[in-house]
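A short write-up of the structure that comes next.
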Amino acid sequence: MKIGIMGGTFDPIHLGHLATAEAVRELFALDEILFIPAARPPHKLDKHVTDERHRLAMTTLATRSNKFFRVSDMELKRKGLSYTFDTMNELHKIFGTATELFFIIGADSLADLSKWHAARELVAKCHFIATTRQGVEADFSAVENFFGAAAKEHIHRVTTPGLEISSTDIREKIKLGRSIKYLVPEAVEDYILTERLYL
Ligand code: ATP
Ligand code: MG
């Protein structure tokens, strides 16, 4: 089995996440993509994050029309800080270590990978797929210097649709009373309006 993992705060989930996940699934012939909303991402401790109940609901709505997409609440259940290292170990326990894990990260996150908890062990045991993000040029040589040979085998750079969408931008648009149509799936737009999120 080859499983792709799309982690994020998904506050809210948008078409950038979904299009990227689908492109990676095809490119790497992955059996499924697991969307895992983070409880407390260590790099967003100073920021307000919407209640996990809403983020989980929106992620579920956004992914239901793709039979290869699944949602896991494992990081929400674990509480505390969401370390990818813990998630990897939990997934290896569930699926067995023969299952290959492919963590999908945006170019903006790749630059920080060396600072992640237990980064070297993480990169040794699973794959990272670094996708393009508009306006971000990831410094791959710095990553290669840090991780050495493991980087060549386990960190893959791919060019994905590069939709210029971010959750930050969507939240700002809502605050300003502007349209978020075609940036998020319709069901997510409806949910945001009904629950009066981001106002
Ligand atoms: P925020 O603006 O709140 O940080 P975000 O849009 O960056 O939100 P996250 O939940 O932080 O979304 O992102 C989760 C993962 O998805 C990260 O690896 C991020 O790099 C990636 N990602 C987010 N938006 C896009 C996009 N438009 N295209 C490709 N990857 C994306
Ligand atoms: Mg982000």
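Things to note:
- Given (1) touching a Phe, Trp or Tyr at 6+ places or on another chain (Cβ under 8 Å); (2) within 14 Å of ligand 1 (Cβ to nearest atom), index of the condition HIS154 fails: (2)
- Within region 88-101, residues that are more than 17 Å from LYS77 (Cβ to Cβ) and open to solvent by less than 60 Å² (accessible area, probe 1.4 Å) have Cβ atoms under 7 Å from residues that are part of a helix (DSSP H, G or I) and modelled with pLDDT of 95 or more in these pairs: LEU101/MET88; LEU101/LEU91, counting only partners at least 6 apart in sequence or on another chain.
- Some residue of region 28-44 being touching a Leu at 6+ places or on another chain (Cβ under 7 Å), under 20 Å from ILE192 (Cα atoms) and assigned to a helix (DSSP H, G or I): no
- Exclusive hit being of a type in the set (Ser, Thr, Tyr), free of Cβ contacts under 8 Å to residues at least 60 places away in the same chain, surrounded by 19 or more Cβ atoms within 10 Å (Cβ to Cβ) and in contact with a Phe, Trp or Tyr (Cβ under 9 Å, 6 or more places away or on another chain), set THR63, THR84: THR63
- Scanning region 153-174 for residues that are more than 21 Å from ALA57 (Cα to Cα) and more than 16 Å from ligand 2 (Cβ to nearest atom) returns GLU153, HIS154, ILE155, HIS156, ARG157, VAL158, THR159, PRO161.
- Selection count where residues are open to solvent by 20 Å² or more (accessible area, probe 1.4 Å) and either away from ligand 2 (no atom under 16 Å from the Cβ) or assigned to a loop (DSSP other than H, G, I, E, B) (or both), scope region 103-136: 14
- Number of residues in region 49-60 that are exposed (fewer than 13 other Cβ atoms within 10 Å of the Cβ) and either touching a residue at least 40 places away in the same chain (Cβ under 8 Å) or within 14 Å of ligand 2 (Cβ to nearest atom) (or both) equals 0.
- Selection of region 76-88 for residues being in contact with a Lys or Arg (Cβ under 9 Å, 6 or more places away or on another chain) and either assigned to a helix (DSSP H, G or I) or of a type in the set (S, T, N, Q) (or both) yields LEU76, SER82, ASP86, THR87, MET88.
- Filter result for GLY7 (within 23 Å of ARG78 (Cα to Cα) and either touching an Asp or Glu at 6+ places or on another chain (Cβ under 9 Å) or charged (D, E, K, R) (or both)): yes
- In region 15-33, residue most open to solvent (accessible area, probe 1.4 Å) [restricted to those that are within 13 Å of ligand 1 (Cβ to nearest atom) and aliphatic (A, V, I, L, M)]: LEU15
- Answer from PHE128, PHE140 - the residue that is within 22 Å of PHE28 (Cα to Cα) and at pLDDT 95 or above: PHE128
The values are calculated or read from the model by the stated rules, or taken from the named source; none is laboratory data. Here the structure is a predicted model, which is why all the values come from computation and not from measurement. In this analysis, Cβ positions are derived from the backbone assuming ideal geometry, glycine residues included, and neighbour counts consider all displayed protein chains. Protein only, heavy atoms only, side chains kept; ligands, DNA and RNA dropped before computing areas. Shrake-Rupley method; radii C 1.70, N 1.55, O 1.52, S 1.80 Å.
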